[in-house]
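The values are calculated or read from the model by the stated rules, or taken from the named source; none is laboratory data. From a predicted model like this one, the values you see are computed outputs, not experimental measurements. Methodologically, a virtual Cβ is constructed for each residue, glycine included, from the backbone with ideal geometry; neighbour enumeration extends over all protein chains shown. Ligands, DNA and RNA are stripped out before the accessible areas are found, and what is left, the full protein with its side chains, is counted by its heavy atoms. Shrake-Rupley method; radii C 1.70, N 1.55, O 1.52, S 1.80 Å.
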Amino acid sequence: MSTPLVIVRGAGSALVLTQDEGGALPHVVHWGTDLPDAVLGDLAHLTGAPVPHNQPDAPWHVSVLPTSGQGWLGTPALEVHRAGGRTAPRWVATLEGGDHDATVRATASDIGLDVVVRYRLDEHGVLTVETELTNTAAEGEPVDVGALRAVLPLPTRADEVLDLTGRWCRERAPQRRPLTDGTWVRTGRRGRTGHDATLLMAAGTTGFGFRSGEVWATHVAWSGNHEHLVERLPEGAGAHAAVLGGGEALTPGEVRLAPGETYRAPSVVFVHSTEGLDGITRALVHHQRAQPGYRTTARPLVLNTWEAVYFQTDLDHLRRLADTAAAIGVERFVLDDGWFGSRRDDHRGLGDWVVSHEVWPDGLSPLVDHVKGLGMEFGLWFEPEMVNLDSDLVRANPHWVLGPVAGAPLPSRHQHVLDLANPDAFAHVLEAMSSLVAEYGIDFIKWDHNRDLHEVVRTDGSGTDRPAVHAQTSATYRLLDELRRRHPGLEIESCSSGGARVDLGVLERTDRVWTSDCNDALERVAIQRWTGLLVPPERMGTHIGPPTAHTTHRHLDLSLRMLVALGGHAGLEWDITTCSADELDALRAWSALYRELRPLLHGGDAVRSDHPDPALVVGGVVAPDRSAAVFSVVQAVSGRGVAPGVVPLRGLDAGRRYRVRVRSEAGLPAVIQVHPPAWWDAALGDGIVVSGAALGEVGLALPVLAPAQGFLLHLEGVDA
Ligand code: DGJ
């Protein structure tokens, strides 16, 4: 006998929970496509599983907090002990819920624990699970928390797994495998999200792609140590086949709950789609755009000084850079690393957040005033969580360096980590940053974090040290929150050696991410496509780099570099004082195009093709009402055929006609053909008018592009 079902719904998805009598932990009957109430009522009965040999004597369920006590012999959702004992809580639970929310409250009075699991499925189809655990004992041993994970069941037909990996300059590269017996777990123990963090772990039906297949995906919204897992045991997961989920990856001793204390696990989000990965992205992007405080004003075109000047911050040169930037339509000028303390290279000065008198005898005002006088916003680089040992800050406060009692951990990029959980260190950085923001009217902070963390333990003054990734991550979040509270207009970018801190935890408190230190447009095609699984284009920094990419030494035409930079929050990272008149003309036209298309580029839904030849990458955005669209077509390397063939443009309104134009301001490609396709010349002029049905079901015969070339199609709906 089960209590009535609790059903939470949103955007065509549903999570259906029920609870067996006796206060058992509730379990999920169904996570997937929404169904009418009457049908859902039958599910528990229809899916009541048999009892096979060698299994518990009665059917068991994978509960909302599955552990071996309820039958689940896979990775437990909860791992706790009190001084090595009392590891097996017996829960008495309640379940309640409304249309979009469900809450499970459970008590294990034998051990002195309370757990609360909250589910919220929003109108965009994103299910957020928040779990917290409280030590309810009045006294006695603390509760050591080894893990508190959120997992949901998967059906048998989810039989392939996609996750992402990466490294510096090649973030978020996909990897796929069949979902077989065992645990596929992606753990990040880098003290930051990591270049190799998976961003999403997705399981789907055979061959699922961007536009097809049923997909279930999860993401842990946390910038510290974390794990995503998908797990299948031969006996299944109760009536289901496998589980998908994740949580914070805790180190032994990291979370010890004294009587009355509560551990709140990071939020874990889940999304289900019957329209492939594009459906997952649509839900996640709409979810983010609906968050309070989400920046809805136009994202200004950026010039960042890093690849333009590196540490050579000469005022006259920077002024000329600003003049040139303003002349081509740049709207925000960002001064990168090297403006403070003794920071003339990356060996010293980190942590000294005072303007270098040596380089800036009159402070930053001569540059800031110049930039603002040109009508641009001013942005400044910080790396608040880091120090060089060779800095005034560490000389004065050596105990603020994060590390064990035995001494400082391994250096990396010649730097160490500031113990932000130390209230004095926290207050020092906060005040230093806050006063600079106020003094110079800084509009934007590029917030960097340039190393993995090793031996992340903090000494608390009593001669002992404790694991501290959780404390450090929470302190960083507090610092971000407080700065934003004090300076409500301030925008912040999450950068971490390029794109090593990209997650929904940091995105809750920042406006965009630096996608990668790789400004090679060809590498960027893949990096941006996969980062865009979760990150809306307007939150993804996409800059034009120099003709020869600094990180790959590959030479690429300006046309491709301009095209690819339109895939996100566009900018430049190039000493444009060296540009020819032709290059500046091209950049001026490109920047005007960025401003013209910005509402569409930054407000639409991602559409990515599943072209069988990976050499051809077609993708774009379609306005939510499908009245307009932009597609980029990139021939990354030589295609396998003589010509790419006829390629459909998906996601359009089949009942509508569109004017299709090739926008030459985004750059025109070099081609290897005698004649272009029939439609090309007209599309370069006033455009061709064709039906969405023809474009979506049949498509366009593409020109024969040379490798590393591409072009931009702009579609506008025309009245019948
Ligand atoms: C790493 C960042 O990703 C770069 O863009 C640049 O800001 C450097 N750090 C500066 O040290």
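Quick rundown of the values:
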read-out: Flag for H569 being at pLDDT 95 or above and at positive phi; value: no
read-out: Options A623, A682, A628; residue that is over 21 Å from A708 (Cα atoms) and touching an Asp or Glu at 6+ places or on another chain (Cβ under 7 Å); value: A628
read-out: Check on H449, open to solvent by 40 Å² or more (accessible area, probe 1.4 Å) and either of a type in the set (S, T, N, Q) or touching a residue at least 12 places away in the same chain (Cβ under 8 Å) (or both); value: no
read-out: Any chance S412 is more than 16 Å from the ligand (Cβ to nearest atom) and surrounded by fewer than 16 Cβ atoms within 10 Å (Cβ to Cβ); value: no
read-out: Filter result (within 18 Å of S391 (Cβ to Cβ) and either assigned to a strand (DSSP E or B) or among the aromatic types (F, W, Y) (or both)) within the range 405-443; value: S412, Q415, H416, V417, L418, F426
read-out: Any hit, the range 513-528, residues being part of a loop (DSSP other than H, G, I, E, B) and away from the ligand (no atom under 16 Å from the Cβ); value: no
read-out: Residue check for I492: within 16 Å of the ligand (Cβ to nearest atom), part of a strand (DSSP E or B), of a type in the set (A, V, I, L, M) and surrounded by fewer than 24 Cβ atoms within 10 Å (Cβ to Cβ); value: yes
read-out: Residues of the range 101-128 that turn out to be within 21 Å of the chain's Cα centre (by Cα), of a type in the set (D, E, K, R) and part of a loop (DSSP other than H, G, I, E, B), as a count; value: 2
read-out: Flag if G245 is within 25 Å of G125 (Cβ to Cβ) and at pLDDT 95 or above; value: yes
read-out: Which numbered condition A427 misses (of (1) surrounded by fewer than 17 Cβ atoms within 10 Å (Cβ to Cβ); (2) among the hydrophobic types (A, V, I, L, M, F, W, C); (3) in contact with a strand residue (DSSP E or B) (Cβ under 8 Å, 6 or more places away or on another chain)); value: (3)
read-out: Flag for A432 being away from the ligand (no atom under 16 Å from the Cβ), of a type outside the set (D, E, K, R), in contact (Cβ under 8 Å) with a residue 60 or more places away in the chain and farther than 27 Å from T296 by Cα; value: yes
read-out: Residue satisfying all of: in the range 684-694; within 24 Å of G567 (Cβ to Cβ) and part of a helix (DSSP H, G or I); most open to solvent (accessible area, probe 1.4 Å) among these; value: L684
read-out: Meets criteria (within 21 Å of the chain's Cα centre (by Cα), farther than 20 Å from L301 by Cα and within 16 Å of the ligand (Cβ to nearest atom)) for V506; value: yes
read-out: Flag if E716 is surrounded by fewer than 19 Cβ atoms within 10 Å (Cβ to Cβ) and at pLDDT 95 or above; value: yes
read-out: Any hit, the range 637-647, residues being at pLDDT 95 or above, touching a Pro at 6+ places or on another chain (Cβ under 7 Å) and of a type in the set (G, A, S); value: yes
read-out: Whichever residue in the range 624-633 is of a type outside the set (F, W, Y) and buried (at least 19 other Cβ atoms within 10 Å of the Cβ) and, among such residues, is nearest to P300 (Cα to Cα); value: V630
read-out: Some residue of the range 458-473 being open to solvent by less than 40 Å² (accessible area, probe 1.4 Å), β-branched (V, I, T) and either farther than 23 Å from V268 by Cα or away from the ligand (no atom under 16 Å from the Cβ) (or both); value: yes
read-out: Breaking point among (1) in a loop (DSSP other than H, G, I, E, B); (2) in contact with a strand residue (DSSP E or B) (Cβ under 9 Å, 6 or more places away or on another chain); (3) under 24 Å from E491 (Cα atoms), for Q472; value: (1)
read-out: Tally, over the range 495-537, of residues that are buried (at least 22 other Cβ atoms within 10 Å of the Cβ), under 16 Å from W447 (Cα atoms) and basic (K, R); value: 2
read-out: Residues of the range 60-100 that turn out to be assigned to a strand (DSSP E or B) and hydrophobic (A, V, I, L, M, F, W, C), as a count; value: 5
read-out: Subset of the range 623-646 [part of a strand (DSSP E or B) and more than 14 Å from L695 (Cα to Cα)]; value: S632, V633, V634, Q635
read-out: Strands (runs of 3 or more DSSP E) completely within the range 161-271 that count 1 or more residues being surrounded by 23 or more Cβ atoms within 10 Å (Cβ to Cβ); value: 170-178, 182-188, 201-204, 215-220, 226-237, 240-248, 255-257
read-out: Any hit, the range 548-561, residues being away from the ligand (no atom under 16 Å from the Cβ), modelled with pLDDT of 95 or more, within 26 Å of the chain's Cα centre (by Cα) and of a type outside the set (F, W, Y); value: yes
read-out: Every residue from the range 284-310 that is in a helix (DSSP H, G or I) and either away from the ligand (no atom under 16 Å from the Cβ) or loosely packed, with under 14 Cβ neighbours inside 10 Å (or both); value: L284, V285, H286, H287, Q288, R289
read-out: Number of positions in the range 634-683 that are within 11 Å of L700 (Cβ to Cβ) and open to solvent by 40 Å² or more (accessible area, probe 1.4 Å); value: 2
read-out: Of all residues in the range 42-56 being free of Cβ contacts under 8 Å to residues at least 24 places away in the same chain and part of a loop (DSSP other than H, G, I, E, B), the one that is most open to solvent (accessible area, probe 1.4 Å); value: H53
read-out: Positions within the range 527-569 being small (G, A, S) and within 24 Å of R595 (Cα to Cα), in sequence order; value: G532, G541, G545, S559, A565, G567, G568
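Conditions tested, residue by residue: (1) in contact with a helix residue (DSSP H, G or I) (Cβ under 8 Å, 6 or more places away or on another chain); (2) β-branched (V, I, T).
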residue	(1), (2)
D448	no, no
G463	no, no
A468	no, no
R478	yes, no
D503	no, no
L522	yes, no
I527	no, yes
T531	no, yes
